[in-house]
Structures are given as C-alpha cells and as structure tokens.
C-alpha cells in the first residue's frame, strides 16, 4: 500500500513561514492550488502498480482511461462537501455568521476553492467505480438524491484495539465520576459542533445541577476566546483545553461523568465514539454522524438538534444517576464503542473492494 497526501504533493507548503498580511495572503493562494492536479500526475506515473485506488472526494476528478488506470477507483467521503456547504448557508442565516470584515475577506479569498470543491465532488463520484461514505445520511443522499444507487457503500470509522484498551485503563470508578459532576465535549469550537448552543445548554444545566462543570477538549482556539462565549456566572465552571496529544485523551476523560456533543453535522462522530470508549454515557443531537453511533444505545441519549433545554435535562439526569444505573449505562457505552473496531471495519471494507474489483474485471 502507498499513500499520496497534501504534504507529498506540496512539500514546500509544509515548511515554516513568517507571519503578517503578505504571508497570510500567500497561505490562501497556496491552499487554493489544486491537489487534484498533482494527484492525477502521481496516478498516471504509477497506475500500473495499483489494483485499487481509494481517493478522497474531489482528489481524482477525471476518468480512469485518462489516468491509464484499469483497477477499482473508489471515491471516499469523510463528510459530504455539499452537506457542509448547506450547513454553512443555514449558519449564515441563523447566526449571521460571516458578516465581519475579517470573515468577508476570508470568504472572498476562499470562494474559488469552495466553488471548485462543489463542482469536483460530483466529478469524482461520477468517474468512480465505488463511493464509500461514512454515515447513513450520506448513504441516502449520495445513493438516492444524487442518483448513484448501488454504486455507494457505507463503512464507518473506528478505534484500534490498543486505543480501546487505553480508554478502558484510564477510567476512574463510577463513584469518582459521579462525584466529579463533569460534562466533556470534544471538538473544534465552531457553530457546526455546537458553539452557539453551548452557553444556553450550560446555563440550563447549572439551574438543574448547580455544581455541574464543563470540560471542552480540542477547541482549537485560545482559552479566553472560548470562555468569552459564556456568561460571567458560568465561566468559572468551564475548563478549556485548546489542544492535546492523542495519547493524552484517555486520561483527560478518565474522571469525567458524561459526554456531550450538540453538533449539527458530522461526517463521522469520532469525538462521540471516543467518549463512549471511555465508558461515558453520552448525549448528542439527533443529527448526521451522531445518530449512526448513538442510535445503537438502548437508553435514549439524543434530542432534536437545537433543543438546548432538553439537551440540558438529559445531561442533568445522567449526572445524578444512581451508581448502579450509571455503571450499567457506562457498560453499554463501552459495548457500543467496541462494535466500531478498526480491524473488523477494515476486513469488511477490503471484502467489499475485492468483490467489486472482481466483478469489474469479469466484465
């Protein structure tokens, strides 16, 4: 197996650069260059070496014949680009996002890239032999609404056995976790993942459980920036970890009581899966990417997207569970997480690819 990624295509873009307006502009220009063009060159040079090429949506947008490739071409969606574009339009209307001078400039500079992505996702799907999506909503969209029918397969992502063991080993006892009264959220601090709703959720939660605390992991923004979204009354109960190393996450979640993800759209809910693997009962919006994972739980843990009061109520209910009920819920979370085992998903994916390749060559 070989890989060809952005840093292979543009090694010079990975070098450290200066700061300032000119360097920022240069960064936008570099980001607008087409990775697809260099990916096509790579495939043409090495096409005869491969039986299967698995390319992210928009990365290969031309026919196999023009690439000189006779094997199986897979287009993979880790989050359907048109769906993300639809959400951004909703966010602009609902929360008036993108209206600041900085946002307007950013949108102008990235417009060519965004337009090209929307165009290229259709081209990549059209030329592919198989389309691999990571959630059931995207499966329905690409198969039925976009019309690709049985050309589409659904395979989720997962966790390795060693990763699952790391989460298991870091868990504190149910007694300690219930005493902590802490809610964890994993994700970038943006509206798609619930930034606009979190202040209302946390205020409602604190009315129900006054000593509840919130841990925000991987926000990707300065601590002060994130805290400024919360009221002065609740800010002291919020802890923000802007970034962390992957191996640190099991320990960070070890003493948490409950997981939460009020996100509106995910390609695949990795944060949710990691919280479940940590043995955390987890509450989320009933939304693409989240429902594929939490829909496997027996206990209802999803609410309508945007229903902050009901979200807070479910969090509060979980924070004050009896130790017996909490332990049972934690065990179910762990069991669901283990159904997303990387090895099994890889075996199933390989089988689907080989089957489609065999049928392709039999024509």
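The values are calculated or read from the model by the stated rules, or taken from the named source; none is laboratory data. Predicted model, so just to flag it, every value in this text is computed and none were measured. Note: ideal-geometry Cβ built from the backbone for every residue, glycine included; neighbour counts use all protein chains shown.
Odds and ends about this structure:
- Number of the exception - residue 211 against (1) part of a helix (DSSP H, G or I); (2) under 30 Å from residue 169 (Cβ atoms); (3) out of contact with any strand residue (DSSP E or B) (no Cβ under 7 Å at 6 or more places or on another chain): (1)
- Count of residues meeting criterion [assigned to a strand (DSSP E or B) and under 18 Å from the mean Cα position of the chain (by Cα)] in segment 118-144: 2
- Qualifying residue in segment 155-175 (condition: free of Cβ contacts under 8 Å to residues at least 60 places away in the same chain, assigned to a loop (DSSP other than H, G, I, E, B), assigned by TED's automatic domain parsing to the domain that holds residue 252 and in contact with a strand residue (DSSP E or B) (Cβ under 8 Å, 6 or more places away or on another chain)): no
- Subset tally (residues that are in a helix (DSSP H, G or I) and more than 17 Å from residue 203 (Cα to Cα)) for segment 231-256: 8
- Meets criteria (assigned to a helix (DSSP H, G or I), touching a strand residue (DSSP E or B) at 6+ places or on another chain (Cβ under 8 Å) and either over 23 Å from residue 258 (Cα atoms) or outside the structural domain of residue 285 (by TED's automatic domain parsing) (or both)) for residue 205: no
- With respect to the conditions (1) under 30 Å from residue 72 (Cβ atoms); (2) in contact (Cβ under 8 Å) with a residue 40 or more places away in the chain, residue 145 falls short on a single one, namely (2).
Each row is one residue, and each column tells you yes or no for (1) over 22 Å from residue 356 (Cα atoms); (2) in contact with a helix residue (DSSP H, G or I) (Cβ under 9 Å, 6 or more places away or on another chain); (3) at pLDDT below 95; (4) not assigned by TED's automatic domain parsing to the domain that holds residue 129.
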position: 22; (1), (2), (3), (4): yes, no, yes, no
position: 36; (1), (2), (3), (4): yes, yes, yes, no
position: 43; (1), (2), (3), (4): no, yes, no, no
position: 79; (1), (2), (3), (4): yes, yes, yes, no
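- Hits in segment 195-217 - residues which are out of contact with any helix residue (DSSP H, G or I) (no Cβ under 8 Å at 6 or more places or on another chain) and crowded, with 19+ Cβ neighbours inside 10 Å: 195, 198
- Residues that are free of Cβ contacts under 8 Å to residues at least 60 places away in the same chain and not in a loop (DSSP other than H, G, I, E, B), drawn from segment 179-202: 179, 199
- Criterion: out of contact with any helix residue (DSSP H, G or I) (no Cβ under 9 Å at 6 or more places or on another chain) and modelled with pLDDT of 95 or more - qualifying residue of 135, 144: 144
- Lone unmet requirement of (1) in a loop (DSSP other than H, G, I, E, B); (2) surrounded by 11 or more Cβ atoms within 10 Å (Cβ to Cβ); (3) modelled with pLDDT of 90 or more; (4) at negative phi for residue 84: (1)
- Residue within segment 298-319 that is touching a strand residue (DSSP E or B) at 6+ places or on another chain (Cβ under 9 Å), exposed (fewer than 15 other Cβ atoms within 10 Å of the Cβ) and under 30 Å from residue 150 (Cβ atoms) present: no
- Meets criteria (assigned to a loop (DSSP other than H, G, I, E, B) and surrounded by 24 or more Cβ atoms within 10 Å (Cβ to Cβ)) for residue 267: no
- Residue check, residue 261 modelled with pLDDT of 95 or more, more than 21 Å from residue 203 (Cβ to Cβ) and within 16 Å of the chain's Cα centre (by Cα): no
- Selection within segment 270-288 - in contact (Cβ under 8 Å) with a residue 60 or more places away in the chain and closer than 18 Å to residue 82 by Cα: 288
- The single residue among 126, 92 that is without any contact (Cβ under 8 Å) to a residue 40 or more places away in the chain and closer than 17 Å to residue 192 by Cβ turns out to be 92.
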